[in-house]
Amino acid sequence: MIRVLFVCLGNICRSPMAEAVMRDLVERKGLTVHIKVDSAGTSDWHKGEAPHKGTLALLRELGISTSGMLSRPLRTADLSFDYVVCMDASNVENTRKMLRAFDHPHIFRFLDLTDHQKDVPDPWYTGDFQETYELCVEGCEALLEKIIVEHQLERAAH
Ligand code: 4NP
């Protein structure tokens with residue numbers, strides 16, 4: 001099983017959005033048996049809370065499931081994830097410190113996998129959940145492609 005963890009600050013806006021989008025994509029590619037997806041926050045500010053209502057509303061409208069998703073803080077055991085995918089540069093820095101993993105090749109900034117090479121804008125501040133969603137889709141497509149290549153899942157995907 002290949003395990004992917006998305007990380008943001010509060011684990012209520014961006015990383016749950018990426019988690020839900022990735023899970024949906026993985027399901028549609030028939031790769032659910034190979035890839036498990038989770039998310040966490042570098043803070044515990046929203047521990048136990050459901051995703052932000054803006055994230056929930058957008059995903060519900062698109063028919064993307066958010067069932068069972070509750071905010072949780074990053075913990076040291078999360079270093080066991082194969083990919084720790086951070087929404088912005090400060091999340092990368094904080095994640096490396098919290099996991100004491102400064103040269104782990106699979107802790108990286110999400111949109112560095114795309115042509116955008118930037119932080120995912122935080123709708124907590126921008127209010128623009130649509131923009132964040134669209135970037136999550138691009139990032140998740142690139143991430144899934146990377147995983148398929150790195151784990152030779154070409155024949156499993158359909
Ligand atoms: P997220 O957004 O990191 O994408 O979940 C935020 C959520 C909450 C706060 C900041 C960012 N906050 O300051 O509580």
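Might you check whether a residue that is β-branched (Val, Ile, Thr) and either farther than 21 Å from Ala40 by Cα or surrounded by 14 or more Cβ atoms within 10 Å (Cβ to Cβ) (or both) occurs anywhere in the range 124-131? Looking through the range 124-131, none of the residues is β-branched (Val, Ile, Thr) and either farther than 21 Å from Ala40 by Cα or surrounded by 14 or more Cβ atoms within 10 Å (Cβ to Cβ) (or both).
Could you count how many residues in the range 84-108 are buried (at least 20 other Cβ atoms within 10 Å of the Cβ) and closer than 21 Å to Met17 by Cβ?
Taking the range 84-108 as the starting set, the residues that turn out to be buried (at least 20 other Cβ atoms within 10 Å of the Cβ) are 84-88, 91-92, 95, 99, 107.
Filter once more, keeping what is closer than 21 Å to Met17 by Cβ: 84-88, 91-92, 95, 107.
Residues meeting the conditions: 9.
Across the range 126-158, which residue is farthest from the chain's Cα centre (by Cα) among those that are over 18 Å from Val37 (Cα atoms) and in a helix (DSSP H, G or I)? Per the criteria, the residue is Thr126.
Total residues in the range 109-148 satisfying the condition of being out of contact with any strand residue (DSSP E or B) (no Cβ under 9 Å at 6 or more places or on another chain), closer than 11 Å to Ala18 by Cα and of a type in the set (Phe, Trp, Tyr): the figure is 1. Restricting attention to the range 7-47, which residues are touching a residue at least 12 places away in the same chain (Cβ under 8 Å), basic (Lys, Arg) and more than 8 Å from the ligand (Cβ to nearest atom)? Arg23, Lys29, Lys36, Lys47, listed by residue number. For Lys97, state whether it is assigned to a strand (DSSP E or B), away from the ligand (no atom under 16 Å from the Cβ) and not acidic (Asp, Glu). So Lys97 fails the test.
Condition test on Arg72, is it within 16 Å of the ligand (Cβ to nearest atom), in contact with a helix residue (DSSP H, G or I) (Cβ under 7 Å, 6 or more places away or on another chain) and of a type in the set (Lys, Arg)?
On the way: within 16 Å of the ligand (Cβ to nearest atom): yes; in contact with a helix residue (DSSP H, G or I) (Cβ under 7 Å, 6 or more places away or on another chain): no; of a type in the set (Lys, Arg): yes.
No.
Scanning the range 39-83 for residues that are in a loop (DSSP other than H, G, I, E, B), over 17 Å from Arg23 (Cα atoms) and of a type in the set (Val, Ile, Thr) yields a single hit, Thr42.
Taking the stated definitions as given, is Phe81 away from the ligand (no atom under 14 Å from the Cβ), crowded, with 20+ Cβ neighbours inside 10 Å and either within 15 Å of the chain's Cα centre (by Cα) or among the hydroxyl-bearing types (Ser, Thr, Tyr) (or both)? Before the answer, list the steps.
On the way: away from the ligand (no atom under 14 Å from the Cβ): yes; crowded, with 20+ Cβ neighbours inside 10 Å: yes; either within 15 Å of the chain's Cα centre (by Cα) or among the hydroxyl-bearing types (Ser, Thr, Tyr) (or both): yes.
When the stated conditions are applied, Phe81 passes them.
Read the figures in this text as sums done on the coordinates, not as results from a lab. Keep in mind that what you see is a predicted model, and the values were worked out from it rather than measured. Ideal geometry is used to build each Cβ from the backbone, glycine not excepted, and the neighbour counts take in all protein chains shown.
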